Structure formats: C-alpha cells, structure tokens
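Trainee: Before we start, here is the structure in question, set down as structure tokens.
The values are calculated or read from the model by the stated rules, or taken from the named source; none is laboratory data. This is a predicted model, so every value here is computed, not measured. Neighbour counts are summed over all protein chains in view; Cβ atoms, including those assigned to glycine, are modelled from backbone coordinates with ideal geometry.
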Amino acid sequence: MSKTGAKPYVIKSRIGQRHPFITQDGEDREDNPNQYIANMRSGAKAGFRYFSIHNLGMVTVLTRGNGHGVMNISLDAEEKPFAQIPVAPSREWKSFSGEVCLEDGVKSLWFSFEGDGAIDFKSFRLNEK
C-alpha cells in the first residue's frame, strides 16, 4: 500500500504513478518467475505473514530504482520499526543488509520505504546470527 492507502491497479491509469503495484519483467510465464513490488515511494508498505523467527541476526533486501533512503522493518503496519536498512539508487538489483535484534517466535514482517525517489522491492532474506 502507498502512504495514502491501497488502490486497485488498472492498466494505463495514473494509479501506478502514485502507488506500488506487483509486476514482473518480461512476458507471463511459469518458469523463471521474477515478480516484484514496483514503485515503492516514501511511506509505502508491504506486509508478509507468518515467519518462524529463530536466532535472527540480519535481514537483506533486494531492490533497484532511483530511491535513496531506508527500508524500515516492523512487526505491524503501524508499529515503530525494529530495524532500518539503508538503500541507495541502483539500475540493477542490489542487496542491502542490516543487523536486527528480534525475539524468537512466529511474526509478521512489514517493510516500509522512507526516502526520496522510488524503489522496486524484489525479495528479502532472513539470516541467522
């Protein structure tokens, strides 16, 4: 969702200019998929449920775009972040990592971008200590 909430994506509309949307590079296909969230601007959020967290020490995000800022990670869409990962502009997919401290357990993870420009968000990886 964007800073102003969620909207349905309609091809050739202005929604894509203001809101994030799920897309992929190339044609539709079953093999070698590469879906990602495009156009995450400051205040945009993406939530993922549920993960069995055990001994988490670092989170890595894979992004590209002209955005410069931080990817905040929280347990709820409205909570303060427990981690921040600096991200920088890149034309190609690039990994950015940050250390985290989080109690073990089953958790939802929310990623929100804060900064200038826009990023495409392809994936994240949870790394043990």
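Condition check ((1) in contact with a Phe, Trp or Tyr (Cβ under 8 Å, 6 or more places away or on another chain); (2) of a type in the set (A, V, I, L, M, F, W, C); (3) closer than 24 Å to GLU128 by Cα; (4) not in a strand (DSSP E or B)) across all residues:
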residue: PRO33; (1), (2), (3), (4): no, no, no, yes
residue: MET40; (1), (2), (3), (4): yes, yes, no, no
residue: SER52; (1), (2), (3), (4): no, no, yes, no
residue: MET58; (1), (2), (3), (4): no, yes, yes, no
residue: ARG64; (1), (2), (3), (4): yes, no, no, no
residue: GLY69; (1), (2), (3), (4): yes, no, no, no
residue: ASN72; (1), (2), (3), (4): yes, no, yes, no
residue: ARG91; (1), (2), (3), (4): no, no, no, no
residue: SER97; (1), (2), (3), (4): no, no, yes, no
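Trainee: Hey, among the residues in region 2-24 that are loosely packed, with under 10 Cβ neighbours inside 10 Å and farther than 23 Å from SER112 by Cβ, which one's modelled with the lowest pLDDT?
Mentor: Looking at residues that are loosely packed, with under 10 Cβ neighbours inside 10 Å and farther than 23 Å from SER112 by Cβ, I get LYS12.
Trainee: Continuing with the same structure: What are the residues in region 25-56 that are farther than 25 Å from PRO89 by Cα and modelled with pLDDT of 90 or more, if any?
Mentor: ARG49, TYR50, PHE51, SER52, ILE53, HIS54, ASN55, LEU56
Trainee: Another question, if that's okay. Return the pairs, sorted by first residue and then second, in which the second residue is surrounded by 14 or more Cβ atoms within 10 Å (Cβ to Cβ) and hydroxyl-bearing (Ser, Thr, Tyr), the first residue lies in region 81-106 and is more than 19 Å from ALA46 (Cα to Cα), the beta carbons are less than 9 Å apart, and the residues are 6+ apart or on different chains.
Mentor: Note: pairs meeting the criteria are SER90/THR63.
Trainee: Out of all the residues in region 39-68, which are more than 16 Å from TRP110 (Cβ to Cβ), surrounded by fewer than 19 Cβ atoms within 10 Å (Cβ to Cβ) and of a type outside the set (S, T, N, Q)?
Mentor: HIS54, GLY57, MET58, LEU62, ARG64, HIS68 - these are the residues of region 39-68 that are more than 16 Å from TRP110 (Cβ to Cβ), surrounded by fewer than 19 Cβ atoms within 10 Å (Cβ to Cβ) and of a type outside the set (S, T, N, Q).
Trainee: Which residues, taken from region 107-129, are within 22 Å of SER42 (Cα to Cα) and either at pLDDT below 95 or of a type in the set (A, V, I, L, M) (or both)?
Mentor: Across region 107-129, the qualifying residues are LEU109, ALA118, ILE119.
Trainee: Another question about this same structure. All but one of (1) in a strand (DSSP E or B); (2) over 27 Å from GLN24 (Cβ atoms) hold for TRP110; which doesn't?
Mentor: (2)
Trainee: Another one. Take VAL61 and decide whether it is touching a Gly at 6+ places or on another chain (Cβ under 7 Å) and either under 17 Å from SER112 (Cα atoms) or not basic (Lys, Arg) (or both).
Mentor: On the way: touching a Gly at 6+ places or on another chain (Cβ under 7 Å): no; either under 17 Å from SER112 (Cα atoms) or not basic (Lys, Arg) (or both): yes.
Against the criterion (touching a Gly at 6+ places or on another chain (Cβ under 7 Å) and either under 17 Å from SER112 (Cα atoms) or not basic (Lys, Arg) (or both)), VAL61 does not qualify.
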